[in-house]
1. Restricting to the stretch 57-68, what's the tally of residues that are assigned to a helix (DSSP H, G or I) and buried (at least 16 other Cβ atoms within 10 Å of the Cβ)?
2. Please work out which residue is nearest to Asn45 (Cα to Cα), limiting yourself to the stretch 91-100 and to residues that are touching a Lys or Arg at 6+ places or on another chain (Cβ under 8 Å) and open to solvent by 40 Å² or more (accessible area, probe 1.4 Å).
3. State the number of residues belonging to the stretch 94-133 that are part of a helix (DSSP H, G or I) and out of contact with any Cys (no Cβ under 7 Å at 6 or more places or on another chain).
4. Please give the number of the condition Glu122 fails out of (1) open to solvent by 30 Å² or more (accessible area, probe 1.4 Å); (2) closer than 15 Å to Val6 by Cα; (3) touching a Pro at 6+ places or on another chain (Cβ under 6 Å); (4) not hydroxyl-bearing (Ser, Thr, Tyr).
5. Please give the number of the condition Ile26 fails out of (1) closer than 30 Å to Ile182 by Cα; (2) in a helix (DSSP H, G or I).
6. Which residues, taken from the stretch 135-153, are more than 26 Å from Arg59 (Cα to Cα) and not in a loop (DSSP other than H, G, I, E, B)?
7. Name every residue in the stretch 168-186 that is open to solvent by 50 Å² or more (accessible area, probe 1.4 Å) and not acidic (Asp, Glu), in order of residue number.
Amino acid sequence: MSSCLVILDRDGVINQDSREFIKSPIEWEALDGSLEAIGMLTEANFDVAVATNQSGIGRNLFTEQTLESIHEKMCKTVEKFNGKIGLIAFCPHHPKDDCDCRKPKTALLEKVGKHYRVPLNEVPMIGDSLRDIDAALAVGGRPILVLTGNGLKTQIALRNSGSAIETYANLLEAATALVKQIEKKS
């Protein structure tokens, strides 16, 4: 039984992001410290889930089978750092499809909450884009911004709108803070 749940975005948080999309396992490259961060969260008894927009499928850039291979590589690599990703929820739709699962809409996050049978209020949700922050806020989660990927651009947009969001340099720094908070509670 885990002490709590944390939901991560994928591109720009766990791995390098690309304007050209991550279209194959070979293109998937972990960000420095991200695998150690997931290992740290796992060892601290967090359930780690990923909620990710993957419109490359809807754009016909890669298939769901290819995405599955990318995620298999990610999960196996995370395991080398004693980490475990328990669930990966993804939106395969093109942005023009106006689906309910593409962040900032909330169906992906709700799917994770149902899977773990937990309410999403105050669940840490770590992302690098405004859509990650907006989705977390929409479900009452605890939005956390990392400055990797699109994070610096997102931080500027949030500042310009007067929003103050919990922010860390990267996933490792965010994970360290979450683990310390859990340790203080116990």
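The values are calculated or read from the model by the stated rules, or taken from the named source; none is laboratory data. The model shown is predicted, which means the values in this text are computed figures rather than measured ones. FYI the Cβ positions are ideal-geometry reconstructions off the backbone, even for glycines, and counts take in every protein chain you see. Please note that ligands, DNA and RNA were not included when accessible areas were found on the heavy atoms of the full protein model with its side chains. Shrake-Rupley method; radii C 1.70, N 1.55, O 1.52, S 1.80 Å.
1. The number of residues fulfilling the criteria is 2.
2. His93
3. Quick first cut of the stretch 94-133, residues part of a helix (DSSP H, G or I) only: 95-97, 107-116, 130-133.
Next, only the ones that are out of contact with any Cys (no Cβ under 7 Å at 6 or more places or on another chain) stay: 95-97, 109-116, 130-133.
Of the residues in that region, 15 qualify.
4. Failed condition: (3).
5. Single failed check for Ile26: (1).
6. Within the stretch 135-153, the subset more than 26 Å from Arg59 (Cα to Cα) is 137-147, 152.
Once the filter is applied, which keeps residues that are more than 26 Å from Arg59 (Cα to Cα) and not in a loop (DSSP other than H, G, I, E, B), the stretch 135-153 yields Leu137, Ala138, Arg142, Pro143, Ile144, Leu145, Val146, Leu152.
7. Of the residues in the stretch 168-186, the ones open to solvent by 50 Å² or more (accessible area, probe 1.4 Å) are 172-173, 180-181, 183-186.
Of everything in the stretch 168-186, those that are open to solvent by 50 Å² or more (accessible area, probe 1.4 Å) and not acidic (Asp, Glu) turn out to be Leu172, Lys180, Gln181, Lys184, Lys185, Ser186.
Okay, residues lined up against (1) in contact (Cβ under 8 Å) with a residue 60 or more places away in the chain; (2) within 23 Å of Phe62 (Cα to Cα); (3) open to solvent by 10 Å² or more (accessible area, probe 1.4 Å):
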| site | (1), (2), (3) |
| --- | --- |
| Glu79 | no, no, yes |
| Leu87 | no, yes, yes |
| Ile133 | no, no, no |
| Ser161 | no, no, yes |
